[in-house]
Each structure stands twice: as structure tokens, then as C-alpha cells.
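Here's the structure, in C-alpha cells; my notes come after.
Values in this text are rule-based calculations from the coordinates and carry no lab data. Remember, predicted model here, so these are calculated numbers, not experimental data. As a convention, Cβ positions derive from the backbone with ideal geometry for all residues, glycine included, and neighbour counts pool all protein chains shown.
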Amino acid sequence: MKIFKLLLTACFFYCIQVNAQKSYYIAANGDDNATGLTAGQAWTSLEKINKTKFEKGDKIFFRSGDVFKGQLRISSTDLSIDAYGKGNKPVISGEEHVKTKWTVKNGKIWETQLSGAKITNLTNLFKNGAKQPISRYPNLDVNNGYLNFETHEGVTKFIDNELTDGVNWTGAEMNVRVELWRMLRIKVVSHKGNAIEFAPNKEVIRLRDGFGYFFVNDIKAIDLEGEWAYDAATEKIYLYSTTDPNLATISYPKFEKSISILNSENVSLKNIKVFSAARLGIEVAKSSNIVLDGVEVVQSGGDGITFNNTQNSVLQNSLVSDMNWSGVYSAKSANHIKFINNTVKNIGNSAFGKSKTYVGIDCNSSFSEIVGNTIKNTGYAGIIACGENNLVKRNIVDSVCRILEDMGGIYTNNNINNTTGTIIEDNIVTNSSVIKGGGVGQHSLCNGIYLDNRSQGVTVRNNTVGFVDGCGIFLHATLKNNKVYDNTSFQSGYNEFQITNPDTIPEYDIQRNILVTNNPSKDHVVMLVHNTKKFTIPEIGTFKGNYVVNPFQTNNVKINYKTTEKVELKRVSVADWEKIAGEYATGNQVSQLNYTPAQAQNIVFLYNSTSKAKKYILNSGKYLDVKNKVYQNSATLEPFKSVVLFKQN
């Protein structure tokens with residue numbers, strides 16, 4: 001009887017708990033005075049949600065197809081947020097319509113005043129839902145949008161010999177390329193003749209002659225349809241329009257953040273779209289077990305999604321697109337973060353300079369996974385993986401480093417966070433090059449996979465890199481225990497594989513990589529190991545079973561090393577390199593075919609970035625891969641595999 005009473009009591013409390021779980025509905029035509037407990041009694045505002053204390057197990061449903069303006073703030077445990085009904089995903093919008101009248105300022109430039117809006121930094125402007133370009137001088141069709149200065153004085157003044165004072169830029173904002181990898185937005189203190197001065201900035205450590213700059217967000221730079229500028233002091237917007245903007249819907253981002261999930265646990269956010277945040281689409285901080293699934297974050301004036309002081313959380317099946325700064329960021333203070341099957345594209349706007357930014361997925365967290373994502377068209381890195389025991393797998397990285405350089409499609413940096421145990425495998429990095437204009441001299445451009453600044457304990461295996469204008473695989477200033485196995489690197493601007501400036505005795509383990517160029521230039525070296533003069537061949541490491549393939553010439557290795565007598569820097573054939581290195585370079589192969597420069601088109605590079613096996617039709621004739629396997633008529637590749645084929649003469 002006692003056991004029966006205990007069971008009955010437990011059942012009673014369980015039923016109370018289940019019954020306490022409630023579902024709340026939100027619709028654009030709802031009423032905050034309603035119960036919110038049915039679709040017919042839906043609430044209408046985000047502020048109603050923000051002020052409600054939810055219990056464990058509660059659910060919030062936004063009606064599909066509706067738009068909800070404002071900020072959503074969540075601080076709860078065991079809460080689910082999703083869409084209901086049919087139609088497009090419900091939208092959390094940070095935009096505010098311009099309600100004041102537009103009048104002609106001069107010519108085709110109109111103006112209006114945002115009275116009382118208190119917007120200190122306008123980060124976007126939309127006309128009938130379409131993003132409009134912020135004003136800049138020069139325009140993008142002139143030297144890719146840059147002016148260049150010839151000389152400088154200290155770190156607050158430069159001289160541009162082509163600049164005149166026909167237009168005086170004193171008080172204007174400008175973006176200055178202060179490093180190959182850094183762009184800053186700075187206010188002009190003085191413009192006299194060809195000299196520009198600006199206030200000291202702690203991030204401007206030096207200026208480099210020949211580097212680029214441009215003026216931005218100024219009425220004097222407005223000369224194209226849709227260009228705009230904002231004066232925070234007067235709260236005025238200026239807009240170039242050949243038609244009356246009073247007849248259009250003009251909007252701007254009013255709210256800094258669209259969704260904040262703070263001090264929360266076991267919260268899921270699904271099937272929600274975030275549009276037009278002023279600075280940040282979704283913020284997750286001081287939380288755990290957060291799931292963002294099927295969300296869309298678009299047109300943010302700053303970043304897309306950030307994770308800070310957060311554990312065991314997931315971003316999956318989501319879209320992050322058209323950010324002025326970066327796409328997705330997880331801080332060193334977060335860990336066990338998973339980024340799975342997301343699309344991150346169109347990241348970075350050079351007009352909104354902010355130090356090192358414009359990154360697709362910037363993961364500084366440890367014990368994290370970046371798997372199955374597509375990263376396309378970013379201004380800086382595609383993926384940054386700086387953390388212990390991270391996994392970067394089966395990602396597609398394409399068209400990155402379009403604004404800043406000295407970066408890679410996939411990048412590690414031990415100075416940001418310990419990289420020990422990180423695995424980079426089965427990724428495809430392609431079609432990446434820097435748009436010239438802001439920097440000069442010998443660039444490092446865009447590398448495919450880049451281990452930088454004391455990276456250690458990183459394994460790079462089974463990846464494919466092709467068509468990057470830097471190095472295919474680049475190891476710079478690294479520490480020990482880095483392994484590079486079974487990768488394919490094809491057609492890179494500098495080298496298909498490069499090691500430079502190890503920070504300590506590196507003892508690299510480089511095995512079975514396929515390194516192929518179709519560049520017939522006599523200057524092109526497939527494998528470059530340099531600035532290693534402090535180290536002997538054994539200290540540099542082991543190179544075994546690699547394919548160093550250049551069908552146009554034989555001396556494809558350049559190596560810098562120390563002997564007991566002197567420092568050597570030699571460009572040699574693979575055979576001669578193996579004689580020099582002895583047991584530390586064995587079984588490496590070269591091209592089985594010889595081509596003239598006119599026969600470069602006989603080299604075929606194929607890669608499969610889909611989730612299924614894919615068949616490729618070949619032109620007539622027989623083809624060999626680097627292992628002398630014969631292909632004729634077609635080639636079939638498994639997912640995330642690649643092959644380089646050589647047509648027999």
C-alpha cells in the first residue's frame with residue numbers, strides 16, 4: 001500500500017508539471033491583452049514576450065509569414081521557440097521606416113532628418129527592401145575603390161601626391177588599410193593639399209607607403225544612384241535618387257541586437273528569420289545547451305551570430321548572409337560549440353572597416369566542431385579554428401579573402417587559442433583571391449589552408465585546395481607536432497606547399513600529399529621550405545611519399561637548411577632533394593609526363609563537393625592520375641574527394 005501511495009503521489013506531481021507546460025502564440029494581428037494560449041488568442045508584440053516569465057517546458061510560436069519589429073530577449077530554462085502555420089519564416093526585424101519628409105538638398109541628392117531617433121551610427125539603409133550602398137570616394141570602378149598614399153609621417157599623417165584640396169575632406173570618415181590584414185575606419189582631422197591627418201589610434205601601429213584608403217559616409221562622396229550618408233550630429237540622411245524617395249519605402253536598422261539569449265539553459269530557437277539588426281543578429285551569452293536550428297540572419301549592420309561564455313550549444317541548418325562585419329563568432333570563453341550544415345555567404349563590407357573582421361565562421365572555442373558548412377564570398381578568412389581539440393570537416397570554402405589578405409580559407413593561430421588536437425579533414429577550399437587596390441608589394445594573398453603563429457598539434461588530412469592566389473597549404477611560424485597527410489593542392493599563385501619561419505624545431509610530418517601545378521613559368525616552385533636556416537634537415541621534419549608534380553620542369557623543390565658547415569638555400573629536383581635529406585625525404589614522386597606550356601590545358605582538376613558520388617565526363621583520350629591509374633571517358637569521385645588527371649600525349 002505504501003508503494004502504491006508513493007507511485008500515486010509521483011504521478012500526481014508529474015501530471016501537474018506536464019499540465020503546467022504552456023504554448024504561447026504570437027501573430028502580427030494579435031492582442032497583448034489576450035491569453036496568448038491559442039492561435040485565436042495570440043499576442044502581438046515582442047515586448048510582451050520580453051516581460052513574461054516562462055516556466056520550464058513552455059513553448060513560444062511565431063506565426064509564419066508575419067513580421068515582428070523590435071528586440072527579442074530570452075532569459076529562461078527549457079524553452080522552445082518555433083514557427084507555426086504555413087508560409088515564410090516569421091521575421092524578427094530591427095528596421096524602422098523613415099517617416100519624415102524627403103526634400104531636395106541639391107541636384108539629385110535628397111535629405112531628411114530623423115528627429116529624435118538618436119542613431120549615432122547608421123549601419124544600413126534600405127529602399128523598398130533592397131540594401132543601398134553607403135557613399136564612398138573613389139567609387140569601386142576606380143582602382144577597386146582605393147586611393148593610395150606615397151609617403152607618411154609617424155602614424156597619424158600621410159601624403160597622397162594625387163590628392164588635391166578641390167574637395168576638402170576635413171571632418172570626413174575614411175577607411176585606411178593599415179596592414180595587409182587590417183582595415184580601420186578613422187575620422188579625418190585635417191586635409192591640407194595632398195596631406196591627410198587623423199587622430200592617434202592604438203590599432204594603427206604603423207603606416208605603409210603605397211597602401212590604400214578611401215573616404216566614406218560623406219555627402220561629398222555621393223554621386224551614384226542609391227548612395228547615402230548619415231550625419232549623426234544633425235540626424236540627417238542624404239540620399240542620391242533620380243526619383244522621389246517619398247514614393248518609396250526607406251528604412252534603416254533601429255535596434256542594436258535583434259535576439260539576445262542570456263543566462264539561459266536548454267533553449268531552442270528554430271525556423272525564425274532575423275532581418276536588419278544594427279549591430280548583431282543573434283547574441284548567445286552566459287548560457288548552455290542552446291540550439292539554433294533553421295534560423296536565417298540577413299543584412300546585419302555588424303555581425304550575424306555570436307557565442308560568448310556559452311557551452312554545449314549548436315548552430316545548424318541555418319543561413320547567415322550579407323553581414324557588414326563577420327558571419328558567426330564564438331569566443332575563447334565558449335566551448336563545445338557545434339556549427340553544422342550552415343550556409344554563410346556575402347560576409348564583409350569594406351566600407352565598414354573594423355580591424356580584423358569579415359570572417360565567415362570565426363571559432364575561438366575549444367572542443368568544437370565545424371562540419372558540413374558552406375562558406376562563400378567573405379572579405380577575410382572562410383573559417384578560423386583556434387581552440388583545443390576542434391574538428392573542421394567536410395566544409396566547402398569558396399571565394400574568400402576578397403578584401404583583406406595574409407589569411408586562408410581555413411586558418412589556425414595558437415596565439416588566439418591553443419590549437420593542440422585540432423583536426424582539419426575532408427574540406428574543399430577553392431577559387432580564392434584578393435581584390436587588389438588596398439595593399440602593395442609582396443602579398444601573402446589568400447592561402448588555402450593556413451597554420452599560423454605558433455600553431456601546434458594540428459593534423460591536416462584529406463583536404464582539397466585549388467585555384468588560390470597564395471599558397472595551397474601554408475605553414476608559418478608554427479611549433480611542433482603538425483601533420484599534413486593525403487591532401488591535394490592544385491594551381492596556387494605562389495606554391496602548392498610552403499613552410500616558412502618555424503618558431504621552434506618543427507619536426508613536421510608531411511606525407512602522401514598530391515601537389516600539382518599547371519603553371520609553366522620557370523619561376524614557379526611547387527614546394528618551398530624557406531626561412532628555416534636555423535634548422536637542420538632532421539629538425540625540419542619528414543617528407544615521405546608526396547607527389548611533387550610539375551610537368552613543365554624538374555626543379556620543383558626549394559629548401560633552406562643548416563648543415564654543420566653553412567646555411568644552404570637550394571632549388572633542386574625531387575631526386576636531388578632526397579639525396580640531400582636522406583631518410584627524411586623518401587618515396588616522393590614526380591610527373592610521369594612532360595608537357596610544353598601550350599599543353600597546360602591537358603591537366604584536368606576535378607573535385608566533388610556534393611554528398612553523393614559524382615560522375616564526370618572526360619574529353620576523348622586517355623588520362624593518368626599521379627599514381628598512374630588510367631581514366632578514359634569518365635571519372636567517378638566519392639564525396640569530398642578530388643583527382644588531378646593528365647592527358648597522355
Please give, to one decimal in nm, the separation of the simple spin-label points placed at Lys86 and Arg208, each 7 Å out from Cα toward the Cβ.
5.7
Can you pull out the GluC sites (Glu not before Pro) in region 121-196 whose DSSP state is coil and whose Cβ has at most 16 other Cβ atoms within 10 Å?
Glu150, Glu162
For Ala334, residues with placed amide H under 5 Å, excluding near neighbours
Asn309, Thr310
Tail fraction, Cα-Cα pairs, region 58-156, threshold 17 Å, whole percent
74
Taking the Cα centre of region 136-226 as origin and charging only Cβ (+1 Lys, Arg; -1 Asp, Glu), how large is the dipole, in debye to the nearest 20?
400
So, relative contact order of the chain in percent, Cα under 8 Å, 6 or more apart, is 7
All-pairs alpha carbon distance profile, region 113-234, 10 Å steps from 0, percent
12, 43, 32, 12, 1
Give, in nm to one decimal, the length gained when the segment between Thr554 and Asn201 is fully stretched (0.36 nm per residue of separation minus the Cα-Cα distance).
122.1 nm
List the extent of the Cα atoms of the chain along each of their three principal axes, largest first, rounded to whole Å.
92, 84, 52
Step through the table entries Lys157/Lys220; Lys127/Lys257; Lys533/Lys558; Lys187/Lys220; Lys101/Lys220, compare each Cα-Cα distance with 24 Å, and write down the pairs that go over it.
none
On the formula 1/(1 + (r/R0)^6), with r taken between the Cβ atoms of Asn161 and Thr38 and R0 of 51 Å, the FRET efficiency rounded to 0.05 is 0.10
Could you tell me whether region 337-490 comes out rounded, prolate or oblate from its Cα gyration tensor? Rule is a ≥ b ≥ c as square roots of the eigenvalues, rounded for a/c under 1.5, then prolate if a/b exceeds b/c, otherwise oblate.
rounded
Quantify how much of the Cα-Cα distance distribution of region 215-292 extends past 14 Å, in percent.
72
How large is ³J(HN,Hα) for each residue in region 140-149, as worked out from phi by the Karplus curve 6.51 cos²θ - 1.76 cosθ + 1.60 (θ = phi - 60°), to whole Hz, x for Gly and Pro?
5, 7, 10, 6, 6, x, 10, 9, 10, 9
Show the residues, 5+ positions off or on another chain, whose built amide H is closer than 5 Å to the amide H of Glu203.
none
Taking N as its residue count, the alpha carbon Rg of region 29-82 over 2.2 N^0.38 Å:
1.08
Determine ³J(HN,Hα), in whole Hz, for all residues of region 412-420 in sequence, where each value follows from phi through the Karplus function 6.51 cos²θ - 1.76 cosθ + 1.60 and θ = phi - 60°; x replaces Gly and Pro.
10, 7, 5, 5, 7, 6, 4, 9, 4
Normalising by the residue count of region 41-189, find the relative contact order in percent from Cα pairs under 8 Å and 6+ residues apart.
11
Value in Å of the Kirkwood radius, where region 197-347 supplies the Cα pairs that are averaged:
17.9
Could you give the angle, 0 to 90 degrees to the nearest 10, between helix 2-20's Cα long axis and the longest principal axis of the Cα atoms of the chain?
90
